[in-house]
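Student: Submitted below is the structure of interest, expressed as C-alpha cells.
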Amino acid sequence: MHPITKRILAGDVRAAARAITWIEDGFPEKGQVLQEIFPHTGKARLIGLTGSPGAGKSSLVDALITYLRSQQISVGVIAVDPTSPFTGGALLGDRIRMQHHAPDRGVFIRSMGTRGNLGGLSRNTKEAVRVLDAYGCEVIIVETVGVGQSELDIMKIVDTVAVVLNPGSGDTVQAFKAGIMEIADLFVINKADLPGLDKLLTEIEQMIEIVKHDASWQPPLIRTIATDRVGIPDLWQAILAHERFLMESGEGEKRRSYHLHEEVIELVNQNLSRVMLQRMEQGAFADELVEVANRRVDPYHAAEKMVRIFLQR
C-alpha cells in the first residue's frame with residue numbers, strides 16, 4: 001500500500017491535499033492511490049449545489065458548513081470554478097472562500113478548475129470526491145459553476161442535487177431550458193427576502209407538475225437567506241428526507257451503480273484514446289492518415305479501419 005494511501009485512511013489532512021494535487025497534476029502515483037482507497041469509499045453523503053452565478057451558492061455552502069459543524073458532522077467541499085486561461089488553475093481559490101473555516105480540522109475545502117471540461121465537472125472532481133470520502137468526510141458538497149445543459153454532469157457524481165434560484169432573476173426560464181428540472185432533487189430559493197418570491201414559487205411548482213408529475217419523489221422548495229443563516233436547518237432536513245427516500249426506494253443504490261457504470265465506460269474511452277494516440281505518434285496508421293489528407297478516404301471509414309486494426313493487434 002502506498003504511504004499516502006495509509007495516511008489518507010488515517011485522516012491525515014496533508015496526505016488528502018497532496019493526493020488531490022496529484023490528481024490535478026496527473027502524477028502517475030495517483031492511479032495506485034485511487035485504486036487502494038476505492039474499497040474505503042461510498043460512505044459519505046454526496047450533495048451537489050448548482051445554480052446561476054450570483055445565486056449565492058458559496059454563501060449557502062458556507063452557512064451549511066457552519067450548521068453541520070454545530071452538529072459535529074465533518075464536511076468536505078469541492079468548489080468547481082472556471083479555469084484560468086493563463087495558469088490552468090481555479091480563478092476563485094479556497095483562500096478566498098470561507099476563510100473562517102480554515103482552522104477547523106473537521107472541514108476540508110478545495111477549489112478545482114473545470115480545465116475546459118464541457119460539463120463543468122472534470123474527471124478530477126470525481127476523483128477528489130473519492131479522496132475526501134476515504135479521508136473520512138461524512139458530508140461532501142460539490143459546488144458547481146453556472147447553470148446550463150453542461151451542468152447536468154453533476155448528477156453523475158452526487159446523490160442529491162440542489163438547484164439554487166433567486167426571486168426576480170429569471171432563473172426558472174434558464175433552468176427549464178437547461179433541463180435542470182429533471183435532475184433537481186430539491187430547489188433552494190435563496191435570498192428569499194427579495195421581491196418576487198411568490199411568483200418564483202408558483203413558477204417552480206408549475207414546472208414540477210409538468211416535469212415530475214408521475215415521479216415518486218417531488219422536489220421540495222426550501223426558502224433560505226444564506227447570509228443571515230435563515231432556512232439552513234430546513235435545507236438539511238430536506239437533504240436527509242431525500243436520503244431516506246433513496247435508501248427506502250432502492251433508488252440510491254441504483255444511482256451509485258449507474259455512476260460507477262458510467263465511470264468505467266469513461267475510463268475505457270480515455271484509456272483506448274490515449275493508447276491510440278500514442279500509436280499514432282509512433283507512426284502507426286500513417287497510411288490511413290495520408291489517405292484522408294489526400295481525400296481518397298473519408299475520416300469516418302478511416303477511423304473505423306484504424307480501430308479495427310488496433311483491436312486485431
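The values are calculated or read from the model by the stated rules, or taken from the named source; none is laboratory data. Note that this is a predicted model, so its numbers are computed, not measured. Surface accessibility is based on the protein's heavy atoms, side chains included, excluding ligands, DNA and RNA. Shrake-Rupley method; radii C 1.70, N 1.55, O 1.52, S 1.80 Å.
Student: Using a 1.4 angstrom probe, figure out how much accessible area the range 261-312 has per residue, in square angstrom, rounded to the nearest whole.
Tutor: 78
Student: Beyond a 25 Å Cα-Cα separation, which of these cross-linked pairs lie in this structure: K126/K191; K57/K199; K6/K254?
Tutor: Table pairs above 25 Å Cα-Cα are K126/K191; K6/K254.
Student: First compute the accessible area of the range 261-312 with a 1.4 Å probe, then give the percent of it belonging to carbon and sulfur atoms.
Tutor: 56
Student: Any number yet on Rg/Rh for the range 1-70, C-alpha, Kirkwood?
Tutor: Ratio of gyration radius to Kirkwood radius: 1.08.
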